[in-house]
Amino acid sequence: MNVTRRFRQLAVAVVSVCGLWASAQSGRVITTDVPERPSGQEDMVGYAAAPVDTVRVGFIGLGMRGAGAVERFIHIPGTKIVALCDIDMPKVERSQKALADAGVPAAAVYGGGEDSWKELCERPDIDLVYIVTDWKHHAPMALYAMEQGKHVAIEVPAAMNLDEIWALVNTSERTRKHCMMLENCVYDFFEMNTLNMAQHGLFGEVLHTEGSYIHNLDEFWPYYWNNWRMDYNREHRGDVYPTHGIGPACQLLDIHRGDRMTTLVSMDTKAVNGPAYIEKSTGKAPESYANGDHTMTMIRTANGKTIHIQHDVVTPRPYSRMYQLTGTKGFANKYPTEGYAFEPEQISSEEMPDHENLTAHGFISPEQQKALTERYMHPIIKEVGEVAKKVGGHGGMDYIMDYRLIYCMRNGLPLDMDVYDLAEWCSLIPLSALSIANGSAPVEVPDFTRGAWNKLPAYRHAFK
């Protein structure tokens, strides 16, 4: 054996291993570009548009979520339903009938063609375009509507890649039009009351939050027009639907109101149940299937906080959005069991009966939780919670979402969710894919505010 040659081979192997070790220790992060803000534009952090006494609304997309939105708006004061649009005209007729049944004037109708929605956006008598279509059409429609001088509200996710996200940010800044994502889960009663408790310091400093979208969609796949949602999972990898989990988590951490996400790492399982569903429903196994059955993303913030987000729509796990908060003095959990835990000295006798028996090793009692929730019920829940339950929409949170959007527009207030919330929450889609494609490498989260993330000291809802 050639000893010199063998020595050289070993030396190369050692250098190679050391190089990989050094790379791992160096904390190499995949960077993402932050394009320079176009000349003449300003950020939209805390932006409030001129008040609109009666908000005139046009709806694009009247499928599962869109039809329900039209019916909710019938009950929201200070609104006028001006126009309805869907490529499937029977859906337009169904929503038109809902208006008639409620004694509301008929709306103008558009549909039947791929570009019919543009005519709706071009109407001069619309203030807000409400977009409830498949994911691929969200950003193009919102961009066109803002260019036509309209505020926009877009179903989740509002954008699927970084190009779309930056286009929405830049167009919103340039036109000075609101661009809000319709993330309803931030308005769930438990989430809102817990947020209010956190803002009053009950949990101490919030260090870690969790969220997810775990929802077996087997019975829902057939209802997505032209199979668009399953096709997206088949063609794309990563957390393709992160906003229900990340939205409430970010509000608890004051993201771009004093803190910001800086780095994320994602990984996924192999794809098993996704392709199996396609084979079962079509009789033919797909040639390829991109998305793993379960995706996990860990995120770090500038202030040293962490977030854990999960996505799973194909395994037989019970529905869960996780929603957990870990603070220095307390803990909150929504799924599978709602509960709170606190350090014994954290809660006073005024706030909770039997407070002296608190232990952080277990949840407070149902009676204590009831007393605490009543004391810290969010002002918005106090104002419209009972109406929301009657009108409905995921237990009432959809109504609260729509009500708050109109409330802020009518009173000239900053919206509860701005274009940067949209950008940050949707960015998990392309950034998680980028991390997974690079062996779960850390990926930089862009500062979509371009330096304005600590302009406001904390997240708060605006009131007149």
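The values are calculated or read from the model by the stated rules, or taken from the named source; none is laboratory data. Nothing here was measured: the structure is a model prediction, and the numbers come from that model. Quick reminder, even Gly has a Cβ in these numbers, built from the backbone with ideal geometry, and neighbours come from all protein chains shown. Only protein heavy atoms, including side chains, enter the accessible area calculation; ligands, DNA and RNA are left aside. Shrake-Rupley method; radii C 1.70, N 1.55, O 1.52, S 1.80 Å.
A few comments on the model shown:
- Residue check for ASP398: in contact with a strand residue (DSSP E or B) (Cβ under 8 Å, 6 or more places away or on another chain) and of a type in the set (Asp, Glu): no
- Total residues in segment 73-93, condition charged (D, E, K, R), crowded, with 19+ Cβ neighbours inside 10 Å and farther than 14 Å from SER116 by Cβ: 0
- Restricting segment 217-233 to residues that are among the polar types (S, T, N, Q) and open to solvent by 10 Å² or more (accessible area, probe 1.4 Å), the residue that is nearest to LYS334 (Cα to Cα): ASN227
- Hits in segment 191-216 - residues which are under 21 Å from HIS461 (Cα atoms), open to solvent by 30 Å² or more (accessible area, probe 1.4 Å) and of a type in the set (S, T, N, Q): GLN199
- Taking segment 273-301 as the range and being in contact with a Phe, Trp or Tyr (Cβ under 8 Å, 6 or more places away or on another chain) and small (Gly, Ala, Ser) as the test, the residues that pass are GLY274, SER281.
- The residues on offer are ARG317, ARG260, and the sole one that is open to solvent by 40 Å² or more (accessible area, probe 1.4 Å), under 22 Å from ALA441 (Cβ atoms) and not β-branched (Val, Ile, Thr) is ARG260.
- Across segment 433-451, the number of residues qualifying as open to solvent by 10 Å² or more (accessible area, probe 1.4 Å) and assigned to a helix (DSSP H, G or I) comes to 4.
- Put simply, of LYS284, LYS334, LYS280 the only residue that is under 19 Å from ASN196 (Cα atoms) and either open to solvent by 70 Å² or more (accessible area, probe 1.4 Å) or among the charged types (D, E, K, R) (or both) is LYS334.
- Qualifying residue in segment 94-114 (condition: touching a Ser or Thr at 6+ places or on another chain (Cβ under 6 Å) and open to solvent by less than 70 Å² (accessible area, probe 1.4 Å)): yes
- Condition met for VAL34 (within 28 Å of SER432 (Cα to Cα), modelled with pLDDT of 95 or more and assigned to a loop (DSSP other than H, G, I, E, B)): yes
- Filtered residues of segment 157-177 (kept if part of a loop (DSSP other than H, G, I, E, B) and either open to solvent by less than 20 Å² (accessible area, probe 1.4 Å) or on the phi > 0 side of the Ramachandran plot (or both)): PRO157, ALA158, ALA159, MET160, ARG176
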